[in-house]
Amino acid sequence: MLKMTVAASTPYDILIDRDILGQCCDFIKPLTKAKKILVISDSNVAPLYAKKIVFALEKENFNASLFTFPAGEENKTLQTVYSMLDAMCRFGLTREDLVIAVGGGVTGDMVGFAASIYLRGIDFIQIPTSLLSQVDSSVGGKTGCDLPFGKNLVGAFHNPRLVLIDTATLDTLPSEFFCDGMGEVIKTGAIKDEKLFNCLSAEGSDLSLEKIIYSCVNIKRQVVENDFKESGERRLLNFGHTLGHAIELYYDFKGITHGEAVGVGMLMITKAAEQNGLTKAGTAEKIQCLLKEFNLKTQVDAPLTELLTLCRRDKKSTAEFINLVLLNEIGNAYVHKIPLEELESFFGV
């Protein structure tokens, strides 16, 4: 088993291993005085894993219950968060009790947000079951949901008490969603770890999936320890996301996954940065080759002018400026602040 501890205000462990869910109660029991535990999952994941976790908790004499919501990014809404809060109330959770998120990034983000505002904050545990959530969204305490106006515009910083990453859950993940997660893996290598980036290619090393996940999570751990509320270094984790979120919003969160959108966003912004002399020539080609290797999109049909209009709504922009995450080269990222009025010219529009 691979283990690391995030040095947050309340430190929490991240455990990575295959078939670790069978031991979940061994890790949960020492953390909590909870009498009741509400497990929350989506309609795809609940039958596979969440029901088994509820059964395991009941065997350990917890009063456990399962709440399920419809799967899909289109359901990452305040209405779904409200339904979670309603379930917490009806189950009678107190401040000593616990919520467990079982699923991908959509589940973890919303459950964490609901936990952050229920009774002004109760504990929750992340059990991510998709590659994307295992390498990125389950760690770092960002929680929230979407609004019709944009992605993740409502939320709070609320750290989990524990993150359990069972790589066996990826066996049931459809191949397109495994590739979706690789979009975030590629991003992590691109901004912070050239060796990891190069290892992802067909000619790369024999790194195990567990070690790839560990490398990504460890990078994120270091970043969020240094900058929990995204005032500096943590912004680098948004490489590809400003355009990526605009792409998702343009397509109404349908027909393109988060990892695909981020991949296209990384490629588009790196091409523009190269044209502006801000990124080493050939960097975009390296990203494009790796995206193709994992069957990720390298372009979309959405008009660039419309995407840039949506970018102006990004939560990382101000009234006059937008922070773009660029690469000096693979493994070395930085924030480039430009006036909003120069956004179109930066992309050659």
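Somewhere in region 42-51, is a residue more than 13 Å from ASP166 (Cα to Cα) and aromatic (Phe, Trp, Tyr)?
No, every residue in region 42-51 fails to be more than 13 Å from ASP166 (Cα to Cα) and aromatic (Phe, Trp, Tyr).
Collect the residues in region 1-11 that are within 12 Å of ARG161 (Cα to Cα) and either free of Cβ contacts under 8 Å to residues at least 60 places away in the same chain or surrounded by fewer than 20 Cβ atoms within 10 Å (Cβ to Cβ) (or both), keeping them in residue-number order.
The answer is THR5, ALA7, ALA8, SER9, THR10, PRO11.
Conditions tested, residue by residue: (1) out of contact with any helix residue (DSSP H, G or I) (no Cβ under 7 Å at 6 or more places or on another chain); (2) basic (Lys, Arg); (3) surrounded by fewer than 17 Cβ atoms within 10 Å (Cβ to Cβ); (4) outside any helix (DSSP H, G or I).
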| site | (1), (2), (3), (4) |
| --- | --- |
| THR242 | no, no, no, no |
| ASP252 | yes, no, yes, yes |
| VAL264 | no, no, no, no |
| LYS280 | yes, yes, yes, yes |
| LEU290 | no, no, no, no |
| LEU296 | no, no, no, yes |
| ASP301 | yes, no, yes, yes |
| ALA319 | yes, no, yes, yes |
| VAL335 | no, no, yes, yes |
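I'm trying to understand the selection: among the residues of region 59-87, which are among the charged types (D, E, K, R) and surrounded by 14 or more Cβ atoms within 10 Å (Cβ to Cβ)?
GLU73, LYS76
Quick one: in region 189-212, of everything that is out of contact with any helix residue (DSSP H, G or I) (no Cβ under 6 Å at 6 or more places or on another chain), assigned to a helix (DSSP H, G or I) and more than 15 Å from GLY331 (Cβ to Cβ), which residue is modelled with the highest pLDDT?
By that ranking, first place goes to ILE212.
Please tell me if GLY108 is within 23 Å of GLU260 (Cα to Cα), not polar (S, T, N, Q) and not in a strand (DSSP E or B).
yes
Quick one: count up the residues across region 281-301 that are in contact (Cβ under 8 Å) with a residue 40 or more places away in the chain and either of a type in the set (Phe, Trp, Tyr) or in contact with an Asp or Glu (Cβ under 8 Å, 6 or more places away or on another chain) (or both).
5
Scan region 26-39 residue by residue and report those that are in contact (Cβ under 8 Å) with a residue 12 or more places away in the chain and under 20 Å from LEU15 (Cβ atoms).
Once the filter is applied, which keeps residues that are in contact (Cβ under 8 Å) with a residue 12 or more places away in the chain and under 20 Å from LEU15 (Cβ atoms), region 26-39 yields PHE27, ILE28, LYS29, LEU31, THR32, ALA34, ILE37, VAL39.
Would you be able to tell me the number of residues in region 303-317 that are buried (at least 18 other Cβ atoms within 10 Å of the Cβ) and closer than 20 Å to GLN275 by Cα?
Qualifying residue count, region 303-317: 3.
Which of the residues belonging to region 267-278 are in a helix (DSSP H, G or I), of a type outside the set (Gly, Ala, Ser) and either in contact with a strand residue (DSSP E or B) (Cβ under 9 Å, 6 or more places away or on another chain) or in the same structural domain as THR107 (by TED's automatic domain parsing) (or both)?
ILE269, THR270
The values are calculated or read from the model by the stated rules, or taken from the named source; none is laboratory data. The shown structure was predicted, so the numbers you read here are calculated from the model rather than taken from an experiment. For neighbour counting, all protein chains shown are included, and Cβ atoms are generated from backbone atoms with ideal geometry for every residue, glycine included.
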